[in-house]
Amino acid sequence: MDVRRPPRADDLLVLLAVARTGRYTSAAAHLGVDHTTIARRITALEDAMGGRLVSQTTSGWELTKLGQHAVESAGRIEAAMSRLNGATAEPDPISGVVRMSATDGYSAYIAAPAIAQLRASHPRLTAEIVTVTRSAADHRPGLDIEVVVGRPQTQRSQMTRLGTYTLGMYASREYLDRAGAPTSPVELMRHPLVYFVDSILQVEALDLPRRVVPDMDDGVTSTNVFVHVEATRAGAGIGLLPCFMADRHPDLVRLLPEAFTERLPYWMVVRAESLRIPAVVAVADALRAATVRAQPMLDGAA
């Protein structure tokens with residue numbers, strides 16, 4: 001007669017680490033073991049529970065339904081251990097690692113300060129911010145929160161519209177002295193454009209130049225908006241830049257704001273399973289509040 005042994009608590013904590021990171025190698029680094037140990041412990045836990053707990057995708061490991069059930073138990077075990085380690089003190093539920101992704105500018109000027117302020121009250125909280133400009137996805141293992149541009153097309157996550165930001169055309173004073181300041185959209189299209197790499201742009205809402213100034217030739221293109229700002233400051237051409245980033249630099253001049261002003265929305269996506277984690281909820285609340293406070297800055301000066 002085949003009698004399964006009960007699941008071990010330490011194996012459940014290994015599964016919790018895999019669920020949070022989406023990768024065996026990252027979970028191994030977090031736990032201080034090698035990835036083969038992670039694989040062995042997950043296999044042992046699957047044997048004990050009688051089914052698959054994770055499935056491999058192109059972007060990492062995802063929990064199965066049985067795995068989600070196991071992770072809920074693992075979270076309770078982790079919380080109980082935290083209470084024991086805290087001795088007489090009540091453990092802070094806003095602790096542990098929260099993983100998020102957001103655009104470069106949002107990460108630097110809104111997310112990072114908001115999380116730093118939150119950590120002042122909850123020092124055991126750790127945040128990992130991946131800077132990327134892309135659409136949200138239903139399955140993106142290892143992330144609790146995504147902040148994206150444009151309304152997400154997801155079905156299994158909580159979506160919140162955070163606010164809007166303004167894009168405008170900018171050039172450096174030195175560039176305008178050399179190349180002349182455009183006084184109309186037609187003249188603008190004679191200048192090189194500093195913007196995203198068109199062939200790998202993943203966000204439809206950011207395709208503005210291709211629609212409104214299709215005759216502008218690419219000057220410098222990059223996946224990073226900080227590169228756009230610095231290339232524009234260096235005179236590489238005319239940049240379509242977030243006003244809240246460009247307006248920080250007195251050497252940049254905004255061009256034709258009456259013709260080129262685009263407001264785009266920031267949306268926040270929180271994974272359904274992550275909503276059970278107090279630290280994730282706290283970070284999401286902090287991002288919402290920080291975006292509201294920053295709205296005048298995001299609107300731009302012009």
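The values are calculated or read from the model by the stated rules, or taken from the named source; none is laboratory data. For clarity, every value in this text was computed on a predicted model and none was experimentally measured. Cβ atoms come from the backbone with ideal geometry, glycine included; neighbour counts cover every protein chain shown.
Against the condition part of a loop (DSSP other than H, G, I, E, B), modelled with pLDDT under 90 and either in contact with a Lys or Arg (Cβ under 7 Å, 6 or more places away or on another chain) or closer than 25 Å to PHE244 by Cα (or both), how does ALA136 come out, does it pass? Spelling it out, ALA136 is indeed part of a loop (DSSP other than H, G, I, E, B), modelled with pLDDT under 90 and either in contact with a Lys or Arg (Cβ under 7 Å, 6 or more places away or on another chain) or closer than 25 Å to PHE244 by Cα (or both). Note on segment 272-302: residues that are of a type in the set (A, V, I, L, M, F, W, C) and not in a helix (DSSP H, G or I) amount to 3. For segment 34-64, a residue qualifies if it is loosely packed, with under 14 Cβ neighbours inside 10 Å and modelled with pLDDT of 85 or more, and the qualifying residues are ASP34, THR36, THR43, ASP47, GLY50, GLY51, ARG52, SER55. If you go through segment 83-118 and keep only what is modelled with pLDDT of 90 or more and surrounded by fewer than 21 Cβ atoms within 10 Å (Cβ to Cβ), you end up with ASP104, SER107, ALA108, TYR109, ALA112, PRO113, ALA116, GLN117. Among the residues making up segment 170-216, those that are exposed (fewer than 12 other Cβ atoms within 10 Å of the Cβ), among the charged types (D, E, K, R) and more than 30 Å from ALA102 (Cβ to Cβ) are ASP177, ARG178, ASP215. With respect to ALA80, is the statement that it is assigned to a helix (DSSP H, G or I), small (Gly, Ala, Ser) and at pLDDT 85 or above true? No, not satisfied.
Which residue is nearest to PRO7 (Cα to Cα), if the candidates are limited to segment 33-63 and must be of a type in the set (A, V, I, L, M) and not in a helix (DSSP H, G or I)? Among them, the one singled out is LEU53. A single member of HIS69, HIS30 is within 29 Å of PRO93 (Cβ to Cβ), in contact with a Ser or Thr (Cβ under 9 Å, 6 or more places away or on another chain) and part of a helix (DSSP H, G or I), and it is HIS30. Which ones in segment 197-220 are modelled with pLDDT under 80 and small (Gly, Ala, Ser)? Across segment 197-220, the qualifying residues are SER199, ALA205. Listed by first and then second residue, the pairs with beta-carbon distance under 6 Å, at least 6 apart or on different chains, first residue in segment 221-237 and at pLDDT 95 or above, second polar (S, T, N, Q), are ARG233/SER172; GLY235/SER172.
Against the numbered list (1) hydroxyl-bearing (Ser, Thr, Tyr); (2) touching a residue at least 60 places away in the same chain (Cβ under 8 Å); (3) touching a His at 6+ places or on another chain (Cβ under 8 Å), THR261 comes up short only at (3).
A single member of ALA272, ALA290 is small (Gly, Ala, Ser), crowded, with 16+ Cβ neighbours inside 10 Å and closer than 30 Å to ARG119 by Cα, and it is ALA290.
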